[in-house]
Amino acid sequence: HWEALSPLALKLASRESRCALAASMGAAAALLEPRDTQGPTRTSAAALVSLTAWSTTTVDEPDYEARLRGYATLLPATWARMRRTCCLPLLFAALHDARDGSDLALRQAAAQALERFMAAASDEDRELNRDALRAPQDP
């Protein structure tokens, strides 16, 4: 379900559809992880809610503070703790914002989140390669 819904974070454009997607990902996360934990699925869903937040005081305006806070939480360490499937909706949401030419602040934040993802992925690849190249230890 998670993988099937994730590409919609890039494809959906309307306010209602993006908010509904974030709500459905939150509901899925609640089913996939115990209520008292903040695992990678819940972390991903909470970040997606932030990245698709709309202002409650201004009509048809994004909630810039919530969105920028959401992007600010996506540090290399955050990405590294997430499974691939948990990263997907956030990557698609960042690509959606990076393609939006009308909002420079969100484009910059999205680009920085993508850069941080790549840093986390390359660090993980280096660690995997280092472990694979390490000679087996004698017991």
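Peptides 53-61, 21-29, ordered by how many other C-beta atoms sit within 10 Å of their residues on average, highest first, read 21-29, 53-61. Helix 40-51 and the longest principal axis of the C-alpha atoms of the chain enclose an angle of approximately 30°.
State the dimensionless ratio Rg/Rh of the stretch 1-133 (Rg: radius of gyration of Cα atoms; Rh: Kirkwood radius). The partial results should precede the final answer.
Values: Rg = 15.0 Å, Rh = 15.2 Å.
Ratio of gyration radius to Kirkwood radius for the stretch 1-133: 0.99.
Here the stretch 1-79 has an Rg and Dmax of 12.8, 36 Å, counting Cα atoms alone.
Residues whose amide H falls under 5 Å from that of residue 54, counting only those 5 or more places apart or on a different chain, are 63, with hydrogens built in the peptide plane.
For residue 20 and residue 123, what does the FRET efficiency come to when R0 = 41 Å and r is the distance between their Cβ atoms, rounded to the nearest 0.05? Present the calculation step by step, with values, prior to reporting the outcome.
On the way: r = 35 Å, r/R0 = 0.84.
With R0 = 41 Å, the Cβ-Cβ based efficiency is 0.75.
Computed from backbone phi with θ = phi - 60° and the Karplus coefficients 6.51, -1.76 and 1.60, the 3J(HN,Hα) list for the stretch 65-80 is 4, 5, 5, 5, 5, x, 5, 5, 7, 8, 8, x, 5, 5, 4, 5 Hz; x is used for glycine and proline.
Highest mean packing first, where packing is the average number of other Cβ atoms within 10 Å per residue, the peptides 97-104, 80-87 line up as 80-87, 97-104. Counting only protein heavy atoms and a probe of 1.4 Å, the accessible surface of the chain is 58% carbon and sulfur.
State the answer as a single residue: which of 90, 57, 101 lies farthest towards the positive end of the charge dipole of the stretch 1-133, with beta carbon charges of +1 for Lys and Arg and -1 for Asp and Glu, about the Cα centre. The Cα lying farthest towards the positive end belongs to 90.
Charge dipole of the chain (Cα centre as origin; +1 on each Lys and Arg Cβ, -1 on each Asp and Glu Cβ, all else neutral): 120 debye, rounded to the nearest 20.
Rolling a 1.4 Å probe over the protein heavy atoms gives the stretch 1-133 an accessible area of 58 Å² per residue.
The values are calculated or read from the model by the stated rules, or taken from the named source; none is laboratory data. Computed from a predicted model, the values in this text were never measured in an experiment. With ideal geometry, Cβ positions are generated from the backbone for all residues, glycine too; neighbour counts draw on all protein chains shown. In case anyone asks, the SASA skips ligands and DNA or RNA and just uses the protein heavy atoms, side chains included. Shrake-Rupley method; radii C 1.70, N 1.55, O 1.52, S 1.80 Å.
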